[in-house]
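Some notes on the structure that comes next.
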Amino acid sequence: MNRFSSLLSNIEKKLDLPQPAKSRILLELAADMGDFYSYLRECGLTENDAVRKVEDRFMFSDEAISELKQVHQTFYDKLVYRLTKQAQARWEKAILLMTFLTITILSGNEFFTTDFFRRSSIFIYPVVGTGLTAMFLYLRKFYSLYIKKDHGIRTLRSGIIPILILSGASLILGISGYLIELLQTGEYALTIDTILFSAVLLPASDISLQYIAEWFLKCSSMVMTSLFISMLSGLFWFILIRAVHKIEQANIQHLFGEQA
Amino acid sequence: MDNFSLDIPNLTKSLNESLILSILRHEKKHGYQLALEIEQNSRGMFKFNHGTLYPILHKLEKEGLIKGIWKQEGPKRKRKYYRLSAKGRKYGMRHNHSWKLFFESLFNIIGEE
């Protein structure tokens with residue numbers, strides 16, 4: 001572990017900057033601290049004196065931190081620096097909601113007008129519901145990670161696991177819907193068969209086949225949607241978890257990767 | 001006074017920038033070397049706290065006056081060096097000229113002993 005980990009950790013806490021800018025600054029400081037320490041030791045200072053002197057020299061005032069933050073400001077920071085925290089939060093929610101609603105309305109229009117969905121099983125509604133929720137969570141986290149660049153350790157992983165759970169839920173709903181629809185269609189076809197056969201009205205097998213064909217159409221569109229949503233949610237989860245992993249690795253590297 | 005590039009209300013900042021650009025004129029250096037050399041060459045007159053140094057270095061880098069170069073040293077060690085850019089060299093020369101003008105004007109008023 002780095003000899004100056006606690007000092008670096010203090011700077012890291014004050015330095016409210018996105019990765020990788022924060023990591024680059026801390027890596028540079030860690031290396032310079034190490035070299036300065038070696039130089040002081042060569043000059044004859046004891047280990048404790050050298051550490052103390054390095055800590056004294058690398059003390060960052062609030063003003064210095066704010067100057068560093070100003071230099072490394074992101075586009076988003078420049079855009080919202082005049083807004084208060086509350087106003088910022090309100091704007092963020094409004095923009096997120098607008099994006100979500102636009103996507104929902106556009107896709108909803110497609111959903112209600114296309115035969116593919118209209119003919120589908122009733123189970124398609126909860127399946128689409130999981131998809132919309134997963135998309136909302138993805139948009140929220142994407143905004144936080146890539147636009148707002150909120151890379152705080154405490155909130156870094158929050159909101160990602162539910163996307164994976166929704167991916168699984170979509171698949172389970174699809175398969176359950178398929179089985180329930182199969183059961184219902186089977187029972188219905190058998191009942192109709194019995195009635196028609198006893199009344200000698202129509203060749204019963206034709207009607208049963210029609211039911212089975214309808215079930216096939218209803219269920220295939222629902223299962224396809226369920227699979228698609230499941231894969232898409234899985235992809236959302238994968239993209240976010242990779243990004244979070246990279247940020248965490250960068251943090252670990254600058255805090256523990258260097259031996260001064 | 002067209003060529004005057006010093007920011008009079010922020011003279012300390014201008015001075016720090018000039019010191020850094022002047023030290024980097026000859027060869028690339030990393031942060032702590034810069035601070036050390038400035039202190040040694042000025043016989044302790046200009047002491048750089050690193051908390052002050054890095055914001056200036058990063059600002060100069062962002063403005064394209066110096067270039068930060070990362071170098072891998074050993075399997076786990078990365079170091080950042082700074083070197084003067086062509087733009088920085090021109091800017092530094094203009095800054096130095098401005099300092100001369102500044103001190104001439106100052107001594108015209110306070111008088112040399």
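Values in this text are rule-based calculations from the coordinates and carry no lab data. Predicted model, so just to flag it, every value in this text is computed and none were measured. Don't worry about glycine lacking a Cβ; one is built from the backbone with ideal geometry, like all the others, and counts go over all protein chains shown.
Inside the range B:75-113, can you point out the residues that are of a type in the set (Asp, Glu) and either part of a helix (DSSP H, G or I) or in contact with a Ser or Thr (Cβ under 6 Å, 6 or more places away or on another chain) (or both)?
Looking only at the range B:75-113, we keep the residues that are of a type in the set (Asp, Glu), and these are B:104, B:112-113.
Within the range B:75-113, just B:Glu104 meets the criteria.
Residues in the range B:54-92 that are among the polar types (S, T, N, Q) and out of contact with any Gly (no Cβ under 7 Å at 6 or more places or on another chain): B:Gln72 only.
The helices (runs of 4 or more DSSP H) located wholly in the range B:9-74 that include 3 or more residues which are in contact (Cβ under 8 Å) with a residue 40 or more places away in the chain occupy B:11-23.
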